Structures are given as C-alpha cells and as structure tokens.
Amino acid sequence: MSKKSRRRKQAARNEISFQIEEQRPVRAFVLHVDFKSEAARRAQGGGKASGMRARHRDAAHKLQEALSLASAIDLEIAGSLIVPLARVNPATLFGSGKTQELHGVLAAADAELVIINSHLSPGQQRNLERAWDVKVLDRTGLILEIFGRRARTREGRLQVELAHLNYQKTRLVRSWTHLERQRGGFGFMGGPGETQIEADRRLLTERIGKLTRQLAQVARTRQLHRAARRKVPYPIVALAGYTNAGKSTLFNRLTQADVLVRDQLFATLDPAMRLIRLPHGRKVILSDTVGFISDLPTTLVAAFRATLEEVVEADIIVHVRDMSDEAEAEAQARDVAQVLAELGIGEARRSAMIEVWNKADLWDDETRSRLATLAGRRDDAVIASALTGEGMGDLLALLEARLAMEGEMRTITLPNSAGADIAWLYRHGEVLARSGSEETTTLTLRLTPAELSQAQSRFGDLLEAGHAEKAKPSTPS
C-alpha cells in the first residue's frame, strides 16, 4: 500500500470517532428528554418494556445520572435542563419552537457540546447540529466515549472499538462533511465515480470484520480459560449490579486486591478475577464485572457479551445494590434484571441471586432500622458497607450456605501420612468436620457435583455417604 493510501485510510479512521479533546475541558450542556407519553418514547426508539421501566425513574434522577456520565470524561458542565416532550419530531426530536428556544439557551451558556440523554437517529443528530451550530452526542455516543477512555485490556479495547464502529457506520451521513465529493478509483480501492461515503463505509466494514475475527479468537481463549477453571474446580461467584453500586470496592475488600475504585460511573470496564477462601476453608473464584446502566446500548451489550459471559457462567450471582437512595435503587434493580434477561439469564436464576445492600455507611438511623427489618425477613439479602467492611462475614457465610445447597455429603478416612490427599480435599470441597486417631483422619465433606466427580476419580470407594452431625467440628485448614 502506498504512503498516500495509508494516509488516506488513517485520516478516515481518525474521523470515525468523535474524541473529546484532552488539552482543555469542553463546555457541555446536558439535556434530559422527559417523554410524557408511551407513544413518544416508542417513536424515539424505546420499546414498551423500556418505557415501563423509565416511568419509574424520576426525571431529576435521570438528569443527575446524565451529568455523572458527562463528568466521567472530565467535561466542563455549562448547564443542564429537563425538556418535557409530548410528541416527537422525526427531523429534530423537538418541535421547531423548542429547538429555537434551546438554541438561545445553548448560545447564552457558550456550550461547545450538547449531550442529549436519549437516543437520536442519525438525521436528528445532524439536523440539531446544524440548528444549534454545536457538536451533539446522544446517550449511546456518550457511553461509548466513556468506554473508549476506560478500557485497559486488549479485549476491552477491541470490544469498545467494535461497538463504536458499528454505531458510527449508521451515521456516516452526519459524520463526514465531504460526502458530496466523488473521486476516481484505481484497482480494488474503488472504481471510477466511487463516492467518498462508499469508500468510508468500506473502510469501516473492513475494520469491523477484522475486529470481529480478533474478538472471536478472544472468546475462544476465554472459553479455554473457563474450561481450565472447571477442571480445578472452584465455584465462580460473579458480582453484578448497576454502575457505581460499589462492586469494585466490595471486590477489593473480599480479595485484598487493588482494582481501580472511583466515585464515578463505569470506573471498571475490564473484568477481574481472584481466588478467595470461605469461612470453612472452601475456595471460590470471585469475578468483578462491568456495571450495568439503564438503556444500555444494544451495541455495547453485544460487544461485551464475551466479558459478561462471566456472569452467565457463574455458579452464584451477587447483585450489589446502592441502597443509599431506596427509590432509585428499586429502579436500578429493574434495569439490572433487564440486562441479565438480555444475556439469557432466566427468571429462576435471577430470583436466586444474593443481594448485597451496600453503602450502609451512608444511611441514617431510620433507614438502617427499616432496611435491617426488611433484610431480616429474607434469606438472600445482606446489609453491608464495602467501604468499612461491615457485613463481609455475613456475605461469606451466605455464599457458603448457598454452595452447600448444591453439595452432597461424603465421609472419608485416610492415614495421617496422606497429607497431600487431606490437603487436596480441603482445597476441593467444604470440610464440615474432622476427627481421628493416632493413625487415621476422618473428614466429613460437602462436595458439588463437579467436585464429587473429581474426588471419586481420585479416591474411589474410600468415599462414603456422610453426616456432619456425627463428627466434631473442623478447623479450617
């Protein structure tokens, strides 16, 4: 490829994604569209389920979330506004009068970028940019910008770029200012009269194909890693929840790791996994995952499916909830359930999740008393503060109890000289009781089906049906 061709290709790629300037903060004005009818919401691309969920979300909370998203990439907030909308204008979203009124508001605020907390069609985005003479980003574009900043691993970067290119592919009509031009072609690069938009779309398609192939290889590698973990085997516990609910803080608290923790949305994109030990010595793999959010773009759900499969494959899902605002927490829980459903996690598994009611350090006495009463009536909820460590013991005990429900009891007697075998049993099962004599040691264990299969392969007929109450309590090894 000639230097001229390489330069042309690189220039096109540079135009693909609008990147917020690093040199200085961009002045951004945030608009939240408050749809006043289900018909208006559906007309703008929100399905019936999306609309039903959104009715539970207070407009002020939604605006605050949009402002938090904007702050996540260090924009300078020039102003914000909730815009009620009863009917959608297909060309500009807002009616002509409201569009003109907003133009004056944006000009007075000296805004360089307008973030609209809703989905925009390519035509709406282009027409608003022309009407307001500023750059416009919708909710999907903003989240993609955040993901582009935050991804650190190769897999994360590939996933973000693929999602961004698929998003931009439908918006070439607005992203390029030189689309009316035509140029002559040569060879396979384009025939005579090929329009610039056709060339740009071809570059996008080529890059998307390459990224798809690379991610397919990543998915195969991840599947091999899962297969290796299943052979260990350690149960997998996945932390899931709304973004900024405290998953990474909880992960660090339980694992003594140093995963990035910040009080901002999408601080963690790349998954992390660590081995932890439960109270009776059993080991499990704890997985921290990307946070969910309402109206998560479908392009991102698809692109991050390989990463989110850690949640799908988990033996136990722990739903971490920020309960410092109970009304918002309920709305966020519905959004999390919707994303899990989109990942193929059925209602039965969702209802079997463990809930961590996090950020107890922020509650007042009345809230603590009320939530403590509610949690006391359930067997799947733990009150906790990942920041202070409150409730960590209760959470680990509940994880152990849940895993025990899947297990089968077995007793085995081994000579005291079989130290390696005894250590193996402590690593691969939950030792409930231990007794012995000068020559032998008897262990009573609870084993999951996978653990039992491995133990039977190793010990054969030495394993017998066992009962924990017949033996003395064991000290974790």
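The values are calculated or read from the model by the stated rules, or taken from the named source; none is laboratory data. All of these numbers come straight from a predicted model, not from anything done at the bench. With ideal geometry, Cβ positions are generated from the backbone for all residues, glycine too; neighbour counts draw on all protein chains shown.
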Inset, instruction - Taking only segment 84-125 into account, find how many residues are among the aliphatic types (A, V, I, L, M) and outside any loop (DSSP other than H, G, I, E, B). - result: 11
Legend entry - Condition met for Ala375 (farther than 20 Å from Tyr234 by Cα, free of Cβ contacts under 8 Å to residues at least 60 places away in the same chain and in contact with a Leu (Cβ under 8 Å, 6 or more places away or on another chain)): no
Inset, instruction - Kindly check whether there is at least one residue in segment 378-392 that is farther than 27 Å from Ala238 by Cβ and polar (S, T, N, Q). - result: no
Inset, instruction - Sort out which residues of segment 135-174 are of a type in the set (Lys, Arg) and assigned to a helix (DSSP H, G or I), and write them in order of number. - result: Arg139, Arg149, Arg150, Arg154, Arg157, Lys169, Arg174
Inset, instruction - List the strands (runs of 3 or more DSSP E) that sit entirely inside segment 322-422 and contain at least 3 residues that are touching a Ser or Thr at 6+ places or on another chain (Cβ under 7 Å). - result: 408-415
Inset, instruction - Could you tell me whether Arg139 is basic (Lys, Arg), under 21 Å from Ser71 (Cβ atoms) and buried (at least 22 other Cβ atoms within 10 Å of the Cβ)? - result: yes
Legend entry - One residue from Val312, Val320, Val284, Val356 being in contact with a Pro (Cβ under 9 Å, 6 or more places away or on another chain) and either among the hydrophobic types (A, V, I, L, M, F, W, C) or at pLDDT 80 or above (or both): Val284
Inset, instruction - Sort out which residues of segment 438-454 are of a type in the set (Asp, Glu) and in contact with a strand residue (DSSP E or B) (Cβ under 9 Å, 6 or more places away or on another chain), and write them in order of number. - result: Glu439, Glu451
Inset, instruction - State whether the residues of segment 288-308 include one that is in a strand (DSSP E or B), modelled with pLDDT of 75 or more and not assigned by TED's automatic domain parsing to the domain that holds Leu447. - result: yes
Inset, instruction - Mind listing whichever residues of segment 219-267 are modelled with pLDDT under 80, surrounded by 14 or more Cβ atoms within 10 Å (Cβ to Cβ) and assigned to a loop (DSSP other than H, G, I, E, B)? - result: Val232, Pro233, Tyr234, Ala257, Val259, Val261, Gln264, Leu265, Phe266, Ala267
Inset, instruction - List the number of the failed condition for Gly123; all other conditions in (1) surrounded by fewer than 21 Cβ atoms within 10 Å (Cβ to Cβ); (2) closer than 18 Å to Gly79 by Cβ hold. - result: (2)
Inset, instruction - Please verify whether segment 381-402 includes one or more residues that are surrounded by fewer than 15 Cβ atoms within 10 Å (Cβ to Cβ) and basic (Lys, Arg). - result: no
Inset, instruction - Sort out which residues of segment 86-111 are in contact with a Lys or Arg (Cβ under 8 Å, 6 or more places away or on another chain) and either of a type in the set (A, V, I, L, M) or buried (at least 16 other Cβ atoms within 10 Å of the Cβ) (or both), and write them in order of number. - result: Ala86, Ala109, Ala111
